[in-house]
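Here the structure is laid out as structure tokens; the discussion comes afterwards.
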Amino acid sequence: MSQATDNEIMFRVRDGRLDQMGILFDRHHKPLYGFFYHNTGLKQQSEDLAQTVFMNMIRSRSTFTGSHKFVTWMYVIARNALSDYYRSQQRKGIYVDATGHLDEVADEAPADARIQLKEEQLLVREALSRLEEADRELLILARYQELKYQEIARMVNSSEGAVKVRIHRAMKQLKQHYLALSQQKQPL
């Protein structure tokens, strides 16, 4: 028996079978959490935001038409949740610093390799945090979430070509920030 597509499952949810949302949760919770974590660098807030997206999907299930892939619709909701989060933090006068939170590194790696990997992660995270929010979001969707340019273009109401250009420019900026940061960290 073939596995139901995300769109088929979401149609069931839309039609009132809310228990089916558990299947979508199992399939998409980790990538969604990763999207938020790469944007904020904060574990608990990323988990909360992922939960918020699933609740918002249930609330707005009637808006799902299936004209695009489910993940496109999900990430539109996720982007809105992230924007709301940043606005609420800004209103509270809180600056979200994504640089102070590192992923755990596998314990099997030698100590010097773990240290170097953590330093590189810190530099990448710091370089990402220096990008404009919109550019950072596009990079995360394309590189970490591995969405196709066409899907991203639908999410941001743009052409596929424009998205490619924006991502290319964002990658160049990321590289410049990374190189500048790595030169600052070099011992004299």
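Inside segment 29-42, can you point out the residues that are in a helix (DSSP H, G or I) and either closer than 15 Å to Tyr86 by Cα or not assigned by TED's automatic domain parsing to the domain that holds Asp15 (or both)?
Hits for segment 29-42 are Phe35, Phe36, Tyr37, His38, Asn39, Thr40.
Which one of these is modelled with pLDDT of 75 or more and in contact with a Leu (Cβ under 7 Å, 6 or more places away or on another chain): Leu138, Leu102, Leu122? The unique qualifying residue is Leu122.
Screening Gly22 with (1) out of contact with any helix residue (DSSP H, G or I) (no Cβ under 9 Å at 6 or more places or on another chain); (2) under 16 Å from Leu141 (Cα atoms) gives one miss only, at (2). Evaluating Asp84 against the criteria (1) assigned to a loop (DSSP other than H, G, I, E, B); (2) modelled with pLDDT of 65 or more leaves one unmet condition, (1). Does Asn56 fit the bill of being assigned to a helix (DSSP H, G or I) and under 23 Å from Tyr149 (Cβ atoms)? Criteria not met by Asn56.
The values are calculated or read from the model by the stated rules, or taken from the named source; none is laboratory data. Not measured: the values here are computed from a predicted model. As a convention, Cβ positions derive from the backbone with ideal geometry for all residues, glycine included, and neighbour counts pool all protein chains shown.
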